[in-house]
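Structure record follows, encoded as structure tokens.
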Amino acid sequence: MLKVINVVGARPNFMKVAPIVAAMKRREQEFTPLVVHTGQHYDSTMSDAFFRDLELPQPDVYLGVGSASHAAQTAAVMERFEPIIIKEKPDWVIVVGDVNSTLACALVCTKLGVKVAHVEAGLRSRDRTMPEEINRLLTDQIADLLFTPSEDADRNLLLEGIPPERIRLVGNVMIDSLLKYLPLANKSTIKEREGLADKDYAVLTLHRPSNVDDAETFIRILEALDEIGERLPVVFPVHPRTTKTIAQLGLAERVEKTKGLRLIEPLGYLDFLSLYSSARLVLTDSGGIQEETSVLGVPCLTLRENTERPITVTTGTNKIVGTDPTKIIAAAFDALNERERQPVSIPLWDGHTADRILAAFGAVTMSDTL
Ligand code: UD1
């Protein structure tokens, strides 16, 4: 029997941990899963809604760290997580993704000699100004077991000197959630509620500091939206960090007068899946959305200069367009002029990644090679 602590902290963690915890509950003779929520995200729309939609059990432990600077937030997670590990003595801790909580919890475990596994390991944007890139690099260096979503991730890890026996190519666990919940999401009434049923529309998400903390960049994106919004409405569920910076940068009026742009509250998992799965076009600076749109065949424009998920460009529907309005507009109109949708098949992004992760734990425990 393996006692495993599953860490969640921020919005993009919930859809990765839910299938792993569900798989462990199906195999309760072999696994005792606990869920620790660091509280990095705490608004009901950023956290509670996801527990509900993804049928995640309520956290066994809630650390309540909240928002702070990177150093303060990372330190607060470490301080509050350490006594939990000392008390619970888990066999393994699973961290997912690349948020501050991921690195903070991995570091606590390594220092205490507790085995830690990183799910979504090996992704690299090669842009060290992104906080997430630092979290990825460091977590992968110290984790005992690295679960990768695609071969490019394996190659990155090997190039960084990670021994191959620590790496397991298992596929994309977030797609387990997507495939499981798509039928339920299709029953969401979000499109009716927003008056979008049977209409063409685009979806926008924006929260990266490089885009929303800098007025010039933000305005360049709004200039592109002015033109795209002439052609079809652009629905924009606004991340709380972005709401805050719009106010701080004095951009509320500029945002307000951007044609076709419709600001709405952040959505839960099912409503958001329903919304973007029927969109003609998605514009985003999120990582996960590049993957989700690829699997569904929805055209995606990434408003960044790079991606840590290159397979979504080579195999999927993703285009990296940066923040130059001319490039964004040209790519948007190209995408809108294509009527055909092409869902994409990426090896091992098949809804069974959580099972492969559990199988790998079983094998590692039996052979005790790590
Ligand atoms: C974090 C992750 C990022 C991920 C994103 C998804 C890091 C370094 N960043 O960014 O990788 O893509 O989550 O959402 O871990 N806030 C609220 N309520 C909340 C959460 C946040 O109001 O529930 C506001 C606060 O003003 C806070 C700000 O958002 O200061 C930023 O939150 P934080 O957790 O530091 O980073 P995110 O930008 O959300």
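The values are calculated or read from the model by the stated rules, or taken from the named source; none is laboratory data. This one's a predicted model, so the numbers in the text were calculated from it and none came from an experiment. Glycine gets a Cβ as well: all are built from the backbone with ideal geometry, and neighbour counts include every protein chain shown. The area values use the complete protein model at the heavy-atom level, side chains included, leaving out ligands, DNA and RNA. Shrake-Rupley method; radii C 1.70, N 1.55, O 1.52, S 1.80 Å.
None of Q58, Q40 is away from the ligand (no atom under 14 Å from the Cβ), more than 28 Å from A363 (Cβ to Cβ) and either open to solvent by 10 Å² or more (accessible area, probe 1.4 Å) or assigned to a loop (DSSP other than H, G, I, E, B) (or both) except Q58. Just to verify a result, which residue in the range 197-220, among those that are at pLDDT 95 or above and more than 16 Å from the ligand (Cβ to nearest atom), is farthest from L263 (Cα to Cα)? Checking each candidate, the answer is E216. Taking the range 330-348 as the range and being modelled with pLDDT under 95 and in a loop (DSSP other than H, G, I, E, B) as the test, the residues that pass are E338, R339, E340, R341, Q342, P343, V344, S345.
Scanning the range 214-260 for residues that are among the aliphatic types (A, V, I, L, M), open to solvent by 20 Å² or more (accessible area, probe 1.4 Å) and in contact with a helix residue (DSSP H, G or I) (Cβ under 6 Å, 6 or more places away or on another chain) turns up L249, A252. Being in contact with a helix residue (DSSP H, G or I) (Cβ under 9 Å, 6 or more places away or on another chain), away from the ligand (no atom under 13 Å from the Cβ) and farther than 22 Å from R128 by Cβ is true of L301.
All conditions in (1) in contact with a strand residue (DSSP E or B) (Cβ under 9 Å, 6 or more places away or on another chain); (2) assigned to a helix (DSSP H, G or I) hold for N6, with the sole exception of (2). The residues of the range 126-185 that are of a type in the set (G, A, S) and in contact with a Pro (Cβ under 7 Å, 6 or more places away or on another chain), listed by number, are G171, S177.
Just give me the residues in the range 279-294 being within 9 Å of the chain's Cα centre (by Cα) and of a type in the set (A, V, I, L, M), in sequence order. Matches in the range 279-294: I289 only.
Taking L267, is it within 16 Å of the ligand (Cβ to nearest atom), open to solvent by 10 Å² or more (accessible area, probe 1.4 Å) and more than 15 Å from the chain's Cα centre (by Cα)? Spelling it out, it is not the case that L267 is within 16 Å of the ligand (Cβ to nearest atom), open to solvent by 10 Å² or more (accessible area, probe 1.4 Å) and more than 15 Å from the chain's Cα centre (by Cα).
Across the range 34-80, the number of residues qualifying as in contact (Cβ under 8 Å) with a residue 60 or more places away in the chain and basic (K, R) comes to 1. Being open to solvent by 50 Å² or more (accessible area, probe 1.4 Å) and within 18 Å of Q40 (Cα to Cα) is not true of I94. Tallying residues that are within 16 Å of the ligand (Cβ to nearest atom), free of Cβ contacts under 8 Å to residues at least 60 places away in the same chain and part of a helix (DSSP H, G or I) within the range 221-245 yields 5.
Results for (1) out of contact with any His (no Cβ under 7 Å at 6 or more places or on another chain); (2) open to solvent by less than 20 Å² (accessible area, probe 1.4 Å), shown as yes or no for each residue.
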{"site": "A10", "(1), (2)": "no, yes"}
{"site": "R26", "(1), (2)": "yes, no"}
{"site": "L34", "(1), (2)": "yes, no"}
{"site": "I86", "(1), (2)": "yes, no"}
{"site": "V119", "(1), (2)": "yes, yes"}
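Of all residues in the range 66-109, those satisfying the criterion of being near the ligand (Cβ under 8 Å from one of its atoms) and assigned to a helix (DSSP H, G or I) are H70, Q73, N100, S101, T102.
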